[in-house]
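Have a look at the structure below before the remarks.
The values are calculated or read from the model by the stated rules, or taken from the named source; none is laboratory data. Since the structure is predicted, the reported quantities are computational estimates derived from the model, not experimental observations. As a convention, Cβ positions derive from the backbone with ideal geometry for all residues, glycine included, and neighbour counts pool all protein chains shown. Calculation scope for accessible area: heavy atoms of the full protein, side chains included, ligands and nucleic acids excluded. Shrake-Rupley method; radii C 1.70, N 1.55, O 1.52, S 1.80 Å.
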Amino acid sequence: HFVSWFWYGSVCAILGKKGLVVTILSKSHADRNVYPSAGVLFVHVLEREYFKGEFPPYPKAGDSSNDPITFNTNLKGYPDRPGWLRYIQRTSHSDGVLYGSPTAEHVGKPTIIEITAYNKRTFETARHNLVINIMSTEEFPLPYQAEFFIKNINVEEMLASEVLGDFLGAVKNVWQPERLNAINITSALDRGGRVPLPINDLKEGVYVMVGADVQFSSCLREVETPQNQLRCSQEMDPVISCDKKFRAQFHIDWCKISLVDITKVVPVHSNRPDLGTGVLPDIGEYNPPSESLKSRDYFADFLITLAVPSAVALVLFIILGYSLCCRREGVEKRNMQTPDIQLVHHNSIQKSTKELRSMSKNREISWPLSTLPVFHPVSGEVVPPIHPDNYETTSMPLMQTQTNLQSQIQIPQQQSSGK
């Protein structure tokens with residue numbers, strides 16, 4: 001389909017005296033020529049099946065279709081394609097598609113597209129040329145053009161001939177023109193749309209522009225009514241009588257439909273500048289500047305960058321030092337300005353603090369009486385203090401245990417009645 005194979009050349013060489021004959025077979029590919037019409041949608045499928053013969057067979061029998069093959073397309077001699085031509089290939093196991101709508105300015109100019117196929121299993125490549133000869137047509141451009149936004153279909157699905165034919169058939173039933181052509185197809189992502197989430201089989205959406213030779217039907221005009229315009233402004237679906245003819249297969253966003261009558265469009269002529277050849281004029285050899293450059297004085301730069309900030313910092317340091325060191329009032333002046341009662345309170349707090357500190361250093365003080373037994377539990381005699389004056393209180397635990405208490409207090413034994 002895409003490439004025409006032919007074997008050419010049978011070169012025979014006689015090597016040595018034994019008359020060994022070697023046959024060298026070379027295969028070449030003829031350029032593929034297509035003839036699209038200006039103003040009509042052009043679709044060309046790059047089928048993977050026609051490129052598999054150029055690569056080694058897959059090692060597993062029956063799995064030749066598993067070779068991952070990708071395509072790269074560009075205008076011959078340039079890194080990219082023409083502006084009107086687009087390319088899409090979802091995965092390396094699907095076919096690639098070239099599509100677009102040439103304009104009248106491309107008529108009569110053969111466009112050579114280089115197609116390079118990459119086999120990601122063997123890392124081999126194959127290259128072919130596609131020659132696009134754009135033809136003029138009397139029906140171009142069709143005066144009435146309508147652009148539909150279909151929400152439930154991706155661009156590669158719409159490019160299939162069966163799906164596009166079904167859509168044009170539905171539009172023809174609603175519009176009923178004598179001539180109806182698909183002018184252009186654009187993915188919603190190329191119009192600033194967002195990539196849908198991979199849930200619920202969401203689609204990207206596609207814009208399809210069609211042209212006809214008769215006025216727009218009343219059904220298509222219903223979207224321009226004030227009621228439907230109000231519903232669209234409120235993000236509600238407009239009420240279109242012919243929507244049921246599309247709903248079975250195509251979900252159309254009627255708020256995004258565009259109806260253009262090019263017979264009423266005022267052409268705008270812009271004076272474009274003459275494009276040059278893209279080659280810079282020859283202005284001779286490059287002459288670098290001479291080595292005898294004028295010396296530059298950096299003293300002013302030094303003053304600005306170092307001296308001025310240093311001077312400002314020094315002034316601020318002097319002001320701060322004067323404020324902290326030279327303007328101290330002194331203790332006497334502070335006491336003179338302080339009320340007597342406040343000084344008395346402050347003096348009493350200082351004395352109490354010193355007393356507590358001295359008491360904490362000297363722990364040779366009897367424990368409070370509340371921590372000692374008032375009388376002996378057996379004899380009823382008053383028990384002397386546990387801690388003598390010369391007892392080392394620093395090693396005494398704060399809480400007395402029963403063992404320590406019994407070792408320090410000798411309880412007199414009761415005498416028997418017989419003695």
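Taking the numbered list (1) within 28 Å of residue 156 (Cα to Cα); (2) open to solvent by 50 Å² or more (accessible area, probe 1.4 Å); (3) modelled with pLDDT of 90 or more in turn, residue 227 passes all entries but (1). In region 151-162, is there at least one residue being among the aliphatic types (A, V, I, L, M), open to solvent by 30 Å² or more (accessible area, probe 1.4 Å) and assigned by the TED database to the domain that holds residue 243? The answer is yes, given that some residue of region 151-162 is among the aliphatic types (A, V, I, L, M), open to solvent by 30 Å² or more (accessible area, probe 1.4 Å) and assigned by the TED database to the domain that holds residue 243. For region 237-261, residues that are in a loop (DSSP other than H, G, I, E, B), under 15 Å from residue 173 (Cα atoms) and charged (D, E, K, R) total 1.
For the structure I just gave you, tell me whether residue 306 is loosely packed, with under 10 Cβ neighbours inside 10 Å, hydrophobic (A, V, I, L, M, F, W, C) and at pLDDT 70 or above. Judged against the criteria, residue 306 is not a match. A single member of 114, 105, 49 is over 30 Å from residue 147 (Cα atoms), assigned to a helix (DSSP H, G or I) and either open to solvent by 70 Å² or more (accessible area, probe 1.4 Å) or in contact (Cβ under 8 Å) with a residue 12 or more places away in the chain (or both), and it is 49. For region 230-263, the set of residues classified as over 39 Å from the mean Cα position of the chain (by Cα) and surrounded by 13 or more Cβ atoms within 10 Å (Cβ to Cβ) consists of 242, 245, listed by residue number.
Regarding residue 124, is this residue more than 17 Å from residue 49 (Cα to Cα) and touching a residue at least 40 places away in the same chain (Cβ under 8 Å)? Break it down into steps so the answer makes sense when it comes.
Values: more than 17 Å from residue 49 (Cα to Cα): no; touching a residue at least 40 places away in the same chain (Cβ under 8 Å): yes.
Against the criterion (more than 17 Å from residue 49 (Cα to Cα) and touching a residue at least 40 places away in the same chain (Cβ under 8 Å)), residue 124 does not qualify.
Residues of region 144-189 that are touching a Lys or Arg at 6+ places or on another chain (Cβ under 7 Å) and charged (D, E, K, R): 151, 156.
Taking the residues in region 162-213 that are in a strand (DSSP E or B) and of a type in the set (S, T, N, Q) as candidates, determine which candidate is nearest to the chain's Cα centre (by Cα).
Just the residues of region 162-213 that are in a strand (DSSP E or B), to begin with: 180-187, 206-212.
From the residues that got through so far, the ones that are of a type in the set (S, T, N, Q) too are 181, 184, 186-187.
Numbers: 181: 39, 184: 30, 186: 23, 187: 20 Å.
The selected residue is 187.
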